[in-house]
Amino acid sequence: MEKTTYFWTITQPKGNAYVMSVLFLLIGGITVGIIFAMKGTTIAIKDGEVVIKTFLYGKKIPIENIDVDGIRAVNLNLDKEYNVSIRTNGIGLPNFLSGWAKLNNGNKALVYLTDRNNVLLMPTKKYTLLFSMETPDEFIEKIKSAL
């Protein structure tokens, strides 16, 4: 009768298989979170606040903290000073950027970008908010009427 002897190879994970399972679950959870962040981001004006709901980086901004006269629609392909120079904390994928960043003009910004052509630029007391939306002018009109 022949005896078989097995040897460890570099293709077999050493240690606990649970570590690999947890790693795969973590990566899967992050992937699902990013998908929800991309699909479920909303902005609304409610009870004297601008409310941003998203998987990560949600925010409530009191209207009194917003420079209402500085709000405008921008095209980031033309207005290069408002482009993100470095992402400091957030999620960045092709055609999706969400989180904290530093702009080319040096300002700190909270960004929710999917479309660079239609962007709401909303300065606050502490940072600038950049938010892609189809009708930024309509939002600007609503926030000015909320005052």
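Determine if the stretch 103-120 includes at least one residue that is at pLDDT below 90 and small (Gly, Ala, Ser). There is no residue in the stretch 103-120 that is at pLDDT below 90 and small (Gly, Ala, Ser). Scanning the stretch 99-135 for residues that are surrounded by fewer than 16 Cβ atoms within 10 Å (Cβ to Cβ) and among the basic types (Lys, Arg) yields Lys102, Lys108, Lys125, Lys126.
Looking for something out of contact with any Pro (no Cβ under 8 Å at 6 or more places or on another chain) and in a strand (DSSP E or B) - is there at least one such residue anywhere in the stretch 136-144? The answer is no, given that none of the residues of the stretch 136-144 is out of contact with any Pro (no Cβ under 8 Å at 6 or more places or on another chain) and in a strand (DSSP E or B). Residue pairs whose Cβ atoms lie under 6 Å apart, sitting 6 or more positions apart in sequence or on different chains, and linking a residue in the stretch 70-82 that is farther than 22 Å from Lys142 by Cβ and of a type in the set (Ser, Thr, Tyr) to a partner that is surrounded by 12 or more Cβ atoms within 10 Å (Cβ to Cβ) and modelled with pLDDT of 95 or more, do not occur here.
The values are calculated or read from the model by the stated rules, or taken from the named source; none is laboratory data. Computed from a predicted structure; not experimentally measured. Please note: Cβ atoms are built from the backbone with ideal geometry, for glycine as well, and neighbour counts cover all protein chains shown.
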